[in-house]
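The values are calculated or read from the model by the stated rules, or taken from the named source; none is laboratory data. None of these values were measured; they are calculated from a predicted model. Every residue, glycine as well, gets a Cβ built from its backbone with ideal geometry; the counts of neighbours run over all protein chains shown.
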Amino acid sequence: MEKAKEFLARKNIEISVKRYAIDALSSMTLGLFASLLIGLIIKTIGEQIGIHAGESDFSLLLIKIGSAAMAMVGPAIGVAVAYGLKAPPLVIFASIATGYMGNMVWTEGGAAGGPAGAFVAAVIGAELGKIVSKETKVDIIVTPLVTIIVGGIVARFVGPAVGALMTGLGKVIMNATELQPFWMGIIVAVVVGLVLTAPISSAALCIMLDLSGIAAGAATVGCCAQMVGFAIISFRANGLGGLLAQGIGTSMLQVPNIIKNPWILAPPTIAAAILGPVATLGFKMTNIPAGAGMGTSGLVGQIGTFTSMGFSLDTLWKALFLHFVLTGALSYVVYLLFKKAGRFVDEDFRLAL
């Protein structure tokens with residue numbers, strides 16, 4: 001047993017929730033952002049140039065570039081996950097293939113593994129690749145061979161089931177939100193918002209669940225409440241830099257402060273609970289999976305909203321008012337109440353920027 005532990009430690013293999021649910025999943029988000037999400041932004045820009053300025057070679061080029069980047073989501077996930085697992089170079093490069101295979105459709109009419117399948121194939125392929133890495137004199141052959149074969153087998157026989165499970169769960173959530181928009185609006189907004197602020201990836205979660213419709217709209221406002229809320233209520237402690245870092249970056253920056261004083265999480269979370277039903281029942285906000293868990297990060301949540309609801313002044317007004325004004329205002333009101341009650345002081349929100 002001790003020798004096995006020493007071997008795993010030497011190979012940098014740590015079987016834990018942190019390694020897979022936090023490290024690997026967070027790295028997956030980087031792969032998603034560098035392919036699917038950035039591709040969506042580029043494609044959307046091209047489409048809007050074509051609509052408002054007339055179709056041109058430049059607008060078509062942007063659409064093609066964006067579409068190509070979005071199509072590379074599987075390989076990007078593979079590389080990102082292997083990197084997050086601290087795999088050696090050969091394993092990382094071989095994970096391009098395992099991510100691709102995990103995301104693909106294997107049989108005619110079959111189900112795709114999707115991002116969830118790519119994640120699982122990349123994790124298992126990378127971990128097995130790390131085990132054999134530098135153990136033979138023909139490492140350049142053995143390491144990628146094991147990584148790709150193991151990842152491919154997982155992609156073929158496990159990936160589609162994992163993908164179906166995640167999308168099936170997503171459908172349950174979406175159907176439940178349609179049937180109970182008030183209560184599910186609260187639950188989805190709060191849960192996804194908390195996942196965004198925690199060291200887990202809300203973007204990866206929503207994309208793996210294939211979350212869309214009003215459930216995705218509730219998820220978006222929950223994420224916006226965390227990001228804009230923390231940006232506003234911590235302005236005195238962090239200034240403009242903190243406002244931008246949290247408002248269009250990530251509220252995850254507050255995790256060390258939340259650990260010290262969990263009460264600081266109350267204002268944006270209460271704002272999310274209030275605004276979830278406003279999004280589902282009042283504004284009937286919707287989104288696409290790529291934007292549902294992003295909030296205001298890089299404004300991807302808003303781009304997803306426009307993609308889902310259409311580019312119009314009405315949608316723009318709703319997004320600005322709900323995603324920015326109301327989330328910030330409500331968080332600030334709750335912040336004042338809790339501050340007056342002595343639950344925290346402004347210094348509790350200071351970031352280590």
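Give the number of residues within the range 85-142 that are of a type in the set (D, E, K, R) and without any contact (Cβ under 8 Å) to a residue 40 or more places away in the chain. So the answer is 3.
Residues checked against (1) under 14 Å from C223 (Cα atoms); (2) of a type in the set (S, T, Y); (3) in contact with a His (Cβ under 9 Å, 6 or more places away or on another chain); (4) free of Cβ contacts under 8 Å to residues at least 12 places away in the same chain:
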| residue | (1), (2), (3), (4) |
| --- | --- |
| P268 | yes, no, no, no |
| G295 | yes, no, yes, no |
| M309 | no, no, no, no |
| T315 | no, yes, no, yes |
| A319 | yes, no, no, no |
| K340 | no, no, no, yes |
| V345 | no, no, no, yes |
| F349 | no, no, no, no |
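Restricting L128, L165, L179, L145 to those that are over 17 Å from the mean Cα position of the chain (by Cα), farther than 26 Å from S251 by Cα, assigned by TED's automatic domain parsing to the domain that holds L299 and of a type outside the set (K, R) reduces the list to L179.
The single condition among (1) of a type outside the set (A, V, I, L, M); (2) surrounded by 24 or more Cβ atoms within 10 Å (Cβ to Cβ); (3) over 30 Å from S35 (Cβ atoms); (4) out of contact with any Ser or Thr (no Cβ under 7 Å at 6 or more places or on another chain) that T269 does not meet is (2).
Among the listed residues L90, L37, L61, which satisfies the condition of being touching a Gly at 6+ places or on another chain (Cβ under 9 Å), at pLDDT below 90 and part of a helix (DSSP H, G or I)?
Unique residue meeting the criteria: L37.
Out of S56, S95, S27, S35, one residue alone is assigned by TED's automatic domain parsing to the domain that holds P144 and surrounded by fewer than 17 Cβ atoms within 10 Å (Cβ to Cβ). It is S56. Taken over the range 255-289, the criterion of being in contact with a Leu (Cβ under 7 Å, 6 or more places away or on another chain) and not β-branched (V, I, T) is satisfied by A271, L275, A279, F283, M285, P289.
In this entry, V154 is excluded by the filter for residues that are over 30 Å from T296 (Cβ atoms), among the hydrophobic types (A, V, I, L, M, F, W, C), in contact with an Asp or Glu (Cβ under 9 Å, 6 or more places away or on another chain) and in a helix (DSSP H, G or I). Confirm whether A122 is in a helix (DSSP H, G or I), within 23 Å of the chain's Cα centre (by Cα), crowded, with 23+ Cβ neighbours inside 10 Å and outside the structural domain of C224 (by TED's automatic domain parsing). It is true that A122 is in a helix (DSSP H, G or I), within 23 Å of the chain's Cα centre (by Cα), crowded, with 23+ Cβ neighbours inside 10 Å and outside the structural domain of C224 (by TED's automatic domain parsing). Scanning the range 331-341 for residues that are in a loop (DSSP other than H, G, I, E, B), at pLDDT 95 or above and either of a type outside the set (S, T, N, Q) or touching an Asp or Glu at 6+ places or on another chain (Cβ under 6 Å) (or both) turns up at least one hit. Among the residues of the range 309-353, the ones that are farther than 26 Å from P262 by Cβ and buried (at least 21 other Cβ atoms within 10 Å of the Cβ) come to 2 in all.
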